[in-house]
Amino acid sequence: MTSSLKERLNYDKTFDCVQCGYCLPACPTYETMEKETHSPRGRINLVKMVAEGKASVEDLKEPIEKCLGCMACTTVCPTNVQYGEIFEGAKRVIDEERPRRLVEDFLFQSFFPSSKWMNTLGNATWLYQKSGLQKVSQRFGLTRRAPLQIHEFETALPAMPGPKARRNRADRYVRKRPASAKVGFFKGCVMDSVFFETNQNTVELLLRSGAEVVFPEAQTCCGALHAHTGKVDHSVELAKQNIEAFEEEGFDYIVNNAGGCGARLVEYAHLFDEGTEWHERAVRFVSRVKDISEVLAELDGLVFEKELLKTVTYQPSCHLRNVQKVTSEPLDLIRMIPGVELRELERPEFCCGSAGVYNIVNYEDAMDILDVKMQDVCGTGAGGVVTSNPGCQLQMKLGVAREGLEMEAVHLVDLLMEADPRPKW
Ligand code: SF4
Ligand code: SF4
């Protein structure tokens, strides 16, 4: 049965908002765009008006598309408004009214969910870097003509491993001695393509912590990008595929290392009606989902002895912090490395402007938000930024380049591996 507009917009949830405005100072787009319609309260009001027929879906479009989905508003809301569900409903209704685009359909239906396409992307990028084409195109500004500021993003990409490294990766790392935990590794789509080395480092940290690690073959994209662009039904199908893929073996943990993916995985139970078989299966799945920092802290199996002599700050992924509620573990892990001085941000809760594909489709707005973030980063006097999400890492690299700084931006996992920890047991 087709649901009504009110149901699709989660109209009933908009009544939880009491219009207090506590969320306004927490909202990056309200701060940088200075419009009520671009605040959490304003967006909720607009959704309510569209559901009641007092405003059109067209009126909703810009304010919702300029929302980062960072969920900072939900952390300060006294009435626990389920903004994420309201936001997702609004995205869905906007997407329903848009004309279909073949390229977009291909990207979401075939490209992101396919390991083969992701490997091809990684290998093509490796060839682009390795052949010297990247240097030539940067030298002569060839990519400047490419759309969506691709020239800026491609300079921030990490060095890719070759096809052999991808081919040779095992899908099962077992131990001769009893394991401290059995981990099902959620490899992600872009993460495993562009940040393959970070995935490999994650596996290595788990192995040194005494765990065994398995990559279930049938896993697919988490569906975050689909949900955040309104393709809710497709994201539910991906969720089902992942739930099934990780049911096959008795995993203690389902581990990921990308804040954005992890936030989607922990929301799987909300996608199904309570009392249904899929809801039960999703609840079991979610109970085992953990970020890598949580698992390393729980296993407590690493000893750090090598000194790194760095001063760093930590930029948390909004989705790790605000949705998964993981805050202290990454900081504790950084503090475990001898020689590393951690200088915390004044406003760690403020989004960096990456937000999935936000910085690609809303480039100018994302850069305004990034500039606010970089003021905070520079204020710490740190020589490096540690992040817990690939999108944040690329965005911080862009921020460093915009400020003309010599500063590294690394994933937490890569920093930990640089310190070459030993197994404790
Ligand atoms: S803090 Fe919560 S209740 Fe208050 S205006 Fe914002 S969303 Fe509404
Ligand atoms: S999700 Fe982030 S950008 Fe969107 S309304 Fe909430 S605080 Fe503002």
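The values are calculated or read from the model by the stated rules, or taken from the named source; none is laboratory data. Quantities reported herein were computed from a predicted structural model and do not represent experimental measurements. Don't worry about glycine lacking a Cβ; one is built from the backbone with ideal geometry, like all the others, and counts go over all protein chains shown. Protein only, heavy atoms only, side chains kept; ligands, DNA and RNA dropped before computing areas. Shrake-Rupley method; radii C 1.70, N 1.55, O 1.52, S 1.80 Å.
Could you let me know the centre-to-centre spacing of region 44-65 and region 295-318, using Cα atoms, in angstrom?
Cα centroid to Cα centroid, the span is 44 Å.
How about the chain: what cysteines have no other cysteine beta carbon under 4.7 Å from their own?
Singleton cysteines: C17, C20, C27, C67, C77, C352, C378, C392.
Under a 5 Å amide H to amide H cut-off, with H placed in plane at 1.01 Å, what residues pair with V289 once short-range neighbours are removed?
I254
Given the whole protein assembly as supplied and a 1.4 Å probe, what does the accessible area of L405 come to in Å², nearest 10?
Rounded to the nearest 10, the figure is 60 Å².
To the nearest 10 square angstrom, what accessible area does S287 show with a 1.4 Å probe?
80
Can you compute 3J(HN,Hα) from phi for each residue in region 205-218, using the Karplus curve 6.51 cos²θ - 1.76 cosθ + 1.60 with θ = phi - 60°, rounded to whole Hz and x for Gly and Pro?
Once rounded to whole Hz, the list reads 5, 5, 5, 5, 7, x, 8, 10, 10, 10, 9, x, 5, 7.
Provide the per-residue ³J(HN,Hα) series for region 169-186, in order, calculated from phi with Karplus coefficients 6.51, -1.76, 1.60 and θ = phi - 60°, each as a whole number of Hz, with x at glycine and proline positions.
5, 6, 9, 8, 10, 9, 10, 6, 7, x, 7, 6, 6, 9, 10, x, 9, 8
Based on alpha-carbon centroids, what's the gap between region 1-30 and region 221-267 in Å, whole number please?
24
Would you mind working out the accessible area per residue for region 5-97, using a 1.4 Å probe, and quoting it in Å²?
Details: 4100 Å² over 93 residues.
Ligands and nucleic acids excluded, the figure is 44 Å² per residue.
By the scheme Lys and Arg +1, Asp and Glu -1, what is the net charge of all other residues having a beta-carbon under 10 Å from that of R422?
Residues close to R422 contribute a combined charge of +1.
Could you sort W126, W425 by their accessible area in this structure, using a 1.4 Å probe and putting the largest first? Write out the running numbers ahead of the final one.
Details: W126 65, W425 190 Å².
Result, largest first: W425, W126.
Beyond 27 Å between alpha-carbons counts as too far, so tell me which of K35/K373; K187/K397; K91/K135 fall in that bin.
Working: K35/K373 20 Å; K187/K397 23 Å; K91/K135 39 Å.
The answer is K91/K135.
Once you list every other residue whose beta carbon is under 15 Å from the beta carbon of T198, what net charge do they have if Lys and Arg are +1 and Asp and Glu are -1?
On the way: positive: R166, R169, K187, K397; negative: D192, E197, E204, D291, E408, D414, E418.
Charge balance in the 15 Å sphere: -3.
Please give the net charge around L157, taking every other residue with its beta carbon less than 15 angstrom from that of L157, where Lys and Arg add +1 and Asp and Glu add -1. All intermediate terms of the calculation are to be shown ahead of the outcome.
Numbers: positive: K130, K135, K397; negative: E152, E154, D192, E197, E408, D414.
Surrounding charge for L157 is -3.
Rank V50, V174 by accessible area, highest first, at a 1.4 Å probe radius?
Details: V50 5, V174 100 Å².
Putting V50, V174 in descending order of accessible area: V174, V50.
Near the amide H of C189, under 5 Å away, which other amide H atoms are found, from residues 5 or more places off or on another chain, if H is placed in the peptide plane?
Correct list: C222.
Please give the FRET efficiency for E346 paired with E277, using the beta carbon to beta carbon distance and R0 = 41 Å, rounded to the nearest 0.05. Don't skip to the answer; put the middle values down first.
On the way: r = 47 Å, r/R0 = 1.15.
Computed FRET efficiency for E346 and E277 comes out at 0.30.
What is the distance in Å between the Cα centroid of region 354-425 and that of region 72-117?
24
In nanometres, what is the gap between the two model label sites at E249 and D12, each 7 Å from Cα along Cα-to-Cβ?
4.1
Can you give the convex hull volume per residue for the Cα atoms of the chain, as a whole number of Å³?
On the way: hull volume 63.2 nm³, N = 425.
Cα-based convex hull of the chain, divided per residue, equals 149 Å³.
Quick one: with all protein chains in place, what share of the accessible area of the chain is carbon or sulfur, to the nearest percent (1.4 Å probe)? List each step's numbers first, then the result.
Values: 9890 of 19360 Å².
That fraction is 51 percent.
So, R0 is 51 Å and r is the distance between the beta-carbons of D368 and R177; what FRET efficiency does that work out to, to 0.05? Write out the running numbers ahead of the final one.
Details: r = 53 Å, r/R0 = 1.03.
Efficiency at R0 = 51 Å is approximately 0.45.
Answer rounded, prolate or oblate for region 302-423, using the Cα gyration tensor with square roots of eigenvalues a ≥ b ≥ c: rounded when a/c is under 1.5, else prolate when a/b is larger than b/c, else oblate.
On the way: a/c = 2.05, a/b = 1.60, b/c = 1.28.
In terms of gyration-tensor shape, prolate.
So what are the ³J(HN,Hα) numbers for region 391-408, from phi and the Karplus equation (6.51, -1.76, 1.60; θ = phi - 60°), rounded to whole Hz, Gly and Pro as x?
x, 5, 4, 5, 5, 5, 5, 4, x, 4, 5, 4, 7, x, 9, 9, 8, 8
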